[in-house]
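I have placed the structure first, in the form of structure tokens, so that the comments after it can refer back to it.
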Amino acid sequence: QTGPVIDMPVPASFNDITQDPNLENYIGWVWYEKEVLLPRRWLQEDLNTRVVLRFGSAHYYSIVWVNGVQVAEHEGGHLPFEADISSVVQGSPGIPCRITVAINNTLTPHTLPPGSIQYMNDISKYPKNYFVQNIRFDFFNYAGIHRPVVLYTTPSVYIDDITVTTTSSESAAIVQYQVSVVGSALYSLSLSLRDQEGKVVATGDGPDGELKVLDPNLWWPYLMHENPGYRYSLEVKLQAQANGALLEDVYTLPVGIRTVHVTSTQFLINGKPFYFWGATAFFPPQIRGKGLDWPLVVKDFNLLRWLGANSFRTSHYPYAEEIMDLCDAYGIVVIDECPGVGIKTAESFGNKSLQHHLLVMEELVRRDKNRPSVVMWSVANEPASQLPPAAYYFKTVIAHTKALDPSRPVTFVTDANYALDHGAPYVDVICVNSYFSWYHDPGHLEVIPLQLMTQFENWYKTYQKPIIQSEYGADSIPGLHNDPPLMFSEEYQKAMLKQYHSVFDKKRKEYVIGELIWNFADFMTNQGITRVLGNKKGLFTRQRQPKSAAFVLRERYWKIANESSCFPPIIKSHIRFL
């Protein structure tokens, strides 16, 4: 023991749990430990049972021990990892299982997201060995065990992975599958695809093949169909002989049948033009930090649907699996972004950073590849893509991501000048962030239409690719009013949105395929002279109360939905009553 021991809830960030300012801003190693009693049948010396310890995520670098034996080591703060602990716990019935986790939240130029440690060596100003963690992203670097930790078992021969892709026509769909089995080469697999009423609509066998579905119910986005988010259930059943016993492993995977295609001017879902309208960044409120918070998740989805939003980007890291499950179920379309935010220096474009970035994309694609809600991967947000090393870096990351998943387009989100961006040639969709009359020409709302129109025309003329306005917005302090609008007032935030919207309405008839407001709700950042308890660009406060701008967006989103020719009359009728 090298420091104080305190109770710490899991899942949660540790930063806001106590009154200790040192823990709020702590950088370095923290240790978690818990003892659990496992079922006796798990602990018998059974060669046919695996005991697995799984972490939904822990930020940032983790080392895990069970009963003093190291079982896992993982770098990265937002994706799951697990370890087979059978050999450690089996054969010791009645003995508590002690799980110890060491977590280090230090960010370096080669982590994702990157950061740097700066030592303050002037002893006339700073204590000895004083240092600060520098970051180049605008949200607080919460740390801890952020998602559920679970123990589960499988047979020694088990289903390790399933990959599903789908194609469809008007009368039939094809569900292509690949099943990975670990533990033996001698096994049999049977598959059954059931609709939501439990009726079997297709069957198959073997580790790879196709299932044909007649008159399929397609997975449609929210407000694009009277039954959005339709999913079938694919039951995969494994049987194998091992150590003289018949083993069986069964896994059920939700499957949404839908297609995605990008043209030079459109984004198509199931062959129909799709326009992204929604929000970015569902950052957490106080106390729990980035820890999974089910009541908050459900509240945010209710607010999202109240707005009439149909999509969001997981800015700027992969969100919890539970959030993604709801996107699949509700028909909320997702641009799935890795933690590639704050890549600002040449050092962070080096080979060490690149190799880690490729590994992160492998983990993200493996986790979310079967989700119908995920229609595009984003490999970074606002990198310094004007630097020459960015060309090879993004060419490599994007090619690797497409090799992992050829079924989805790939993008990254840029704020670089269109003529200097070395990564843009490799993306399928241009995603651009801009804050005219806020970070540029602050207070001058009148310049927005010209500057935004010029932005779109320059990008499209250069690349001939569809464009999403992936961020735009202004800070507003709740309850601060001024007319004529002045910066930080609720009136200014509303006025800025309307200026942007006037241009969106012209360009969405051509090649602009989306508008995602920054930000869904106010969130905490590092302290600074431009931040009063965080970023205030939210439509909602941190406590999820609406600002005036939320009603502007709600009126706009429902109006767009009502005007969209691809929506059926039943949806339009519903919209009119909202």
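The values are calculated or read from the model by the stated rules, or taken from the named source; none is laboratory data. Values in this document were obtained by computation on a predicted structure and should not be read as measured data. All Cβ positions, glycine included, derive from the backbone under ideal geometry; neighbour counts span all protein chains shown. Heads up: the accessible areas ignore ligands, DNA and RNA and are worked out on the full protein's heavy atoms, side chains in. Shrake-Rupley method; radii C 1.70, N 1.55, O 1.52, S 1.80 Å.
Which condition number in (1) of a type in the set (D, E, K, R); (2) in a strand (DSSP E or B); (3) in contact (Cβ under 8 Å) with a residue 40 or more places away in the chain is the one that residue 226 fails?
Single failed check for residue 226: (2).
Mind checking whether some residue in region 338-349 is touching a residue at least 40 places away in the same chain (Cβ under 8 Å), crowded, with 24+ Cβ neighbours inside 10 Å and farther than 28 Å from residue 523 by Cα?
The answer is yes; a qualifying residue exists.
In the set 318, 273, 295, 285, which member is free of Cβ contacts under 8 Å to residues at least 60 places away in the same chain and either closer than 18 Å to residue 523 by Cα or not polar (S, T, N, Q) (or both)?
Matching residue, one of 318, 273, 295, 285: 295.
Checking residue 370 against (1) part of a loop (DSSP other than H, G, I, E, B); (2) open to solvent by 20 Å² or more (accessible area, probe 1.4 Å); (3) of a type outside the set (Asp, Glu); (4) under 19 Å from residue 429 (Cα atoms): exactly one of these is not met. Which one?
(4)
Being of a type in the set (Asp, Glu) and within 31 Å of the chain's Cα centre (by Cα) is the filter here; which residues of region 440-490 pass it?
Of everything in region 440-490, those that are of a type in the set (Asp, Glu) and within 31 Å of the chain's Cα centre (by Cα) turn out to be 457, 471, 475, 490.
Out of 303, 223, 238, 211, report the one residue that is of a type in the set (A, V, I, L, M, F, W, C) and touching an Asp or Glu at 6+ places or on another chain (Cβ under 6 Å). First the steps, then the outcome.
Numbers: 303 fails: touching an Asp or Glu at 6+ places or on another chain (Cβ under 6 Å); 223 fails: touching an Asp or Glu at 6+ places or on another chain (Cβ under 6 Å); 211 fails: touching an Asp or Glu at 6+ places or on another chain (Cβ under 6 Å).
None of the others qualify; the one that does is 238.
Quick one: how many residues across region 189-209 are in contact with a strand residue (DSSP E or B) (Cβ under 6 Å, 6 or more places away or on another chain) and surrounded by 13 or more Cβ atoms within 10 Å (Cβ to Cβ)?
11
Scan region 460-479 residue by residue and report those that are in contact with a helix residue (DSSP H, G or I) (Cβ under 9 Å, 6 or more places away or on another chain), touching a residue at least 12 places away in the same chain (Cβ under 8 Å) and open to solvent by 10 Å² or more (accessible area, probe 1.4 Å).
Result: 460, 462, 463, 465, 477, 478.
Out of all the residues in region 35-53, is one or more touching a strand residue (DSSP E or B) at 6+ places or on another chain (Cβ under 7 Å), closer than 24 Å to residue 290 by Cβ and of a type in the set (Phe, Trp, Tyr)?
No, that holds for no residue.
Does region 491-504 hold any residues that are open to solvent by less than 30 Å² (accessible area, probe 1.4 Å) and under 28 Å from the mean Cα position of the chain (by Cα), and which are they?
Scanning region 491-504 gives 493, 496, 497, 500, 501, 504.
If a residue must be surrounded by fewer than 22 Cβ atoms within 10 Å (Cβ to Cβ), modelled with pLDDT of 95 or more and in contact with a strand residue (DSSP E or B) (Cβ under 9 Å, 6 or more places away or on another chain), how many such residues does region 505-539 contain?
Matching residues across region 505-539 total 4.
Looking at (1) farther than 17 Å from residue 169 by Cα; (2) part of a loop (DSSP other than H, G, I, E, B); (3) touching a helix residue (DSSP H, G or I) at 6+ places or on another chain (Cβ under 9 Å), which is the only condition residue 221 fails?
(3)
Pick out, from region 231-297, the strands (runs of 3 or more DSSP E) lying fully within it that include 1 or more residues that are open to solvent by 20 Å² or more (accessible area, probe 1.4 Å).
232-242, 245-255, 260-262, 267-269
Could we say that residue 35 is touching a Gly at 6+ places or on another chain (Cβ under 7 Å) and over 30 Å from residue 129 (Cβ atoms) here?
When the stated conditions are applied, residue 35 does not pass them.
So, in region 10-43, how many residues would count as being among the aliphatic types (A, V, I, L, M), within 24 Å of residue 151 (Cα to Cα) and without any contact (Cβ under 8 Å) to a residue 40 or more places away in the chain?
Total satisfying the criteria: 0.
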